[in-house]
Amino acid sequence: MNIILLGPPGAGKGTQASRLEAERGMVQLSTGDMLRAAVKASTPVGLQAKAVMEAGQLVSDEIVSGIIGERLDQPDTARGVIFDGYPRTAAQAESLDRLLAERGRTLDHVIELHVDEDALVERITGRFTCAQCGEGYHDKFKQPKVAGTCDVCGSSEFKRRADDNEETVRTRMAEYRAKTAPILPIYEARGLVQRVDGMADIAHVTAAIEDILGR
Ligand SMILES: [Zn+2]
């Protein structure tokens, strides 16, 4: 079972990928991690990548494909992989098909954790935590029982993350759309794309993904 997992920041992609690793023995592969690991392990392609990066140049698609190929040949990927952040272009999507086919594997699903942008803004900008114990709250969904006092520790100090603001959320959504725009139509045409409501609670998202993958 090999899948591509797509979703903007805040959609819960990391949570779901970790769960698939734990429950199904799948391996999440992000190009950045694979590249660093290949360089560190001095694999043949890792050495090429290292030379390119030391020369201050960008790693080519060919090198990225080489690194993914090396990674797919490692036995821990036998139960399936979750591609994260790859492919980003039509050319990379073609390379991925070839890399999998060469190994007798297929791409089985492209799962997008879909979010409603306005709802995501509301979810993220409303978050705050107790400065003392870290308990999480939300302006709309989870106010302290006594206004201004933490339910858990009684502290009256709360904090918000600077990047939990509307502009940041909308910028990230726009970046996400730009990144996935080149590849979504390719996989849609092949009937591989399935959308899961990323705004649902974690258990529902998990169940929806399990339905797609088959139990
Ligand atoms: Zn507290």
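The values are calculated or read from the model by the stated rules, or taken from the named source; none is laboratory data. None of these values were measured; they are calculated from a predicted model. Cβ atoms come from the backbone with ideal geometry, glycine included; neighbour counts cover every protein chain shown. For accessibility, only protein heavy atoms count, side chains too; no ligands or nucleic acids. Shrake-Rupley method; radii C 1.70, N 1.55, O 1.52, S 1.80 Å.
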**Q.** Selection of chymotrypsin sites (Phe, Trp or Tyr not before Pro), the stretch 113-215, meeting DSSP coil and at most 12 other Cβ within 10 Å
**A.** PHE141
Q) Per-residue ellipticity at 222 nm for the chain, helices alone: DSSP H runs ≥ 4 residues times -39500 (n - 2.57), over residue total, nearest 500 deg cm²/dmol? A) -14000 deg cm²/dmol
Q.
What Kirkwood Rh does the chain have if only Cα atoms enter the pairwise 1/r average? Answer in Å.
A. 19.4 Å
Q. Lysines within cross-link reach of LYS142: Cα-Cα under 24 Å, excluding same-chain residues under 8 positions apart?
A. LYS13, LYS159
Q.
Can you give me the % of accessible surface on the chain that is carbon or sulfur? Probe 1.4 Å, all protein chains present, nothing else counted.
A. 52 percent
Q) In the stretch 79-215, with Lys and Arg counted as +1 and Asp and Glu as -1 at Cβ, which of these residues, THR149, ALA93, ILE183, has the Cα nearest the positive end of the dipole, that is, farthest along it? A) ALA93
Q | Heavy-atom accessible area order for ASP163, ASP33, largest first, 1.4 Å probe | A | ASP33, ASP163
Q: Calculate the dipole size of the stretch 1-70 relative to its Cα centre from +1 charges on Lys and Arg beta carbons and -1 charges on Asp and Glu beta carbons; express the result in debye to the nearest 20.
A: 220 debye
Q) Using 7 Å Cα-to-Cβ label points, what is the SER30/GLU167 separation (nm, one decimal)? A) 2.5 nm
Q: Mind giving me the nanometre distance, one decimal, between the label points for ILE202 and THR89, set 7 Å out from Cα along Cα→Cβ?
A: 3.7 nm
Q: Report, in whole Å, the centroid distance computed from the Cα atoms of the stretch 28-96 and the stretch 122-153.
A: 41 Å
Q: Please give the residues of the stretch 83-113, grouped as numeric ranges, whose backbone N is less than 13 Å from a label point set 7 Å along the Cα-to-Cβ vector of GLU188.
A: 112
(Q) So with the 1.4 Å probe, I'd like the accessible area per residue for the stretch 61-168, rounded to whole Å². (A) 54 Å²
